[in-house]
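The structure appears right after this line, and notes come after that.
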Amino acid sequence: EAQVTQNPRYLITVTGKKLTVTCSQNMNHEYMSWYRQDPGLGLRQIYYSMNVEVTDKGDVPEGYKVSRKEKRNFPLILESPSPNQTSLYFCASSNPGFGPQHFGDGTRLSIL
Amino acid sequence: GQNIDQPTEMTATEGAIVQINCTYQTSGFNGLFWYQQHAGEAPTFLSYNVLDGLEEKGRFSSFLSRSKGYSYLLLKELQMKDSASYLCAVRGGGSSNTGKLIFGQGTTLQVKP
């Protein structure tokens, strides 16, 4: 089954404790992206990757890092999480330039 | 700047037809998508328009006018399970971010019996 898998689905943690949200897709998509979704603000792109070892900032990259060492995986790293990063996060993948983006089930992060 | 506008909330009756409008102003345009999102769940793809006109897919249809920067999603024979948020998104990332989607804030549709 074609899918995008995120882990964990839920996480409550404290300020400053490094965390990683994993994302994996099995559709051989080149393009992967991370979004955060906040009430009243919609989905906003954090980082994206056009292919292996090619990543760039989206609209709200501050406080986040990513890596793309393999085509299928695109982890999101919060080196020193802060409460303003409490949000619902989605990973998505597609072929660039055409076709819809497929979204993972989401990760709800609470930073205390 | 880049902007996508859609109504915040709409209410309709089971069995009826509802039209959700979306207007956009983006620096590039490579297609417009509609997604459905139930509360706390992932957005799921509904429709895609890149050329002007109507695309029909079962109970759902989507229309695009590129010259007007306008799209709508039409839902027919509404069912209770259609209660969800509907997200309008434009792919307009230019040559350096060809997959980027710019999302509107979403329209929350409530279907009443």
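Mind checking B:100-106 for the average number of partner chain beta-carbons within 10 Å of each residue's beta-carbon?
Details: counts 9, 9, 5, 7, 2, 5, 4.
Shielding by partners across B:100-106 averages 6.
Work out how far the C-alpha atoms of chain A reach from end to end along every principal axis, then list the three figures in whole Å, largest first.
38, 28, 26
For chain B, what relative contact order do you get, as a whole percent, if you take Cα pairs closer than 8 Å and at least 6 residues apart?
Working: 291 pairs, mean separation 40.0, N = 113.
Relative contact order of chain B: 35 percent.
Determine the dipole magnitude for chain A: charges of +1 sit on the beta-carbon of Lys and Arg, -1 on that of Asp and Glu, nothing else is charged, the reference point is the Cα centre, and the result goes in debye to the nearest 20. Kindly include the intermediate steps, with their values, before the conclusion.
Values: 12 positive and 10 negative charges, 54 e Å.
The dipole of chain A has a size of about 260 debye.
Given the options A:GLY58, A:ALA92, A:GLN37, identify the residue whose Cα lies farthest towards the positive end of the charge dipole of the range A:27-112 (+1 on Cβ of Lys, Arg; -1 on Cβ of Asp, Glu).
So the residue furthest toward the plus end is A:ALA92.
Over chain A, what is the relative contact order in percent, taking alpha-carbon pairs closer than 8 angstrom and at least six residues apart?
Details: 296 pairs, mean separation 40.1, N = 112.
RCO, chain A: 36 percent.
Placing unit charges on C-beta atoms (Lys and Arg positive, Asp and Glu negative, everything else neutral), compute the dipole magnitude of the protein assembly as shown about its Cα centre in debye, rounded to 20.
On the way: 21 positive and 19 negative charges, 80 e Å.
With Lys and Arg at +1 and Asp and Glu at -1, about 380 debye.
Distance between Cα centroids, the range A:5-75 to the range B:1-53: provide it in whole Å.
23
Just to confirm the filter: which trypsin sites (Lys or Arg not before Pro) across the range A:47-112 are DSSP coil and have at most 13 other Cβ within 10 angstrom of their Cβ?
Sites meeting the loop and neighbour criteria: A:LYS69.
For peptide A:42-53, how many partner chain Cβ atoms fall within 10 Å of a residue's Cβ, on average? It would help to have the intermediate numbers written out before the result.
Numbers: counts 11, 11, 2, 7, 0, 0, 7, 1, 5, 0, 0, 0.
Taking the mean over all residues of the peptide, I get 4.
What span do the alpha-carbon atoms of the protein assembly as shown cover on each of the three principal axes, reported in whole Å from largest to smallest?
50, 39, 37
Which pairs, out of B:LYS57/B:LYS100; A:LYS18/A:LYS69; A:LYS18/A:LYS71; B:LYS68/B:LYS100; A:LYS57/B:LYS81, put more than 31 Å between their alpha-carbon atoms? Working shown, then result.
Numbers: B:LYS57/B:LYS100 24 Å; A:LYS18/A:LYS69 20 Å; A:LYS18/A:LYS71 24 Å; B:LYS68/B:LYS100 21 Å; A:LYS57/B:LYS81 36 Å.
Listed pairs above 31 Å: A:LYS57/B:LYS81.
Place a +1 charge on the Cβ of each Lys and Arg in chain B and a -1 charge on the Cβ of each Asp and Glu, then give the dipole magnitude about the Cα centre in debye, rounded to the nearest 20. The partial results should precede the final answer.
Values: 9 positive and 9 negative charges, 40 e Å.
Approximately 200 debye in magnitude.
How large are Rg and Dmax for chain B when only the alpha carbon atoms are used, in Å?
Radius of gyration, then largest Cα-Cα span, for chain B: 13.7, 47 Å.
What FRET efficiency do you get for B:GLU56 and A:ASN7 if R0 is 22 Å and r is their Cβ-Cβ distance, rounded to the nearest 0.05? Walk me through the numbers on the way to the answer.
On the way: r = 37 Å, r/R0 = 1.70.
Plugging the Cβ-Cβ distance into 1/(1 + (r/R0)^6) gives 0.05.
Every read-out reported here was derived from the displayed coordinates using simple, explicitly stated rules and does not represent laboratory data. Owing to the predicted nature of the structure, the values given are computational and were not obtained by experimental measurement. Reconstructed Cβ throughout: ideal geometry from the backbone, glycine too, with neighbour counts over all protein chains shown.
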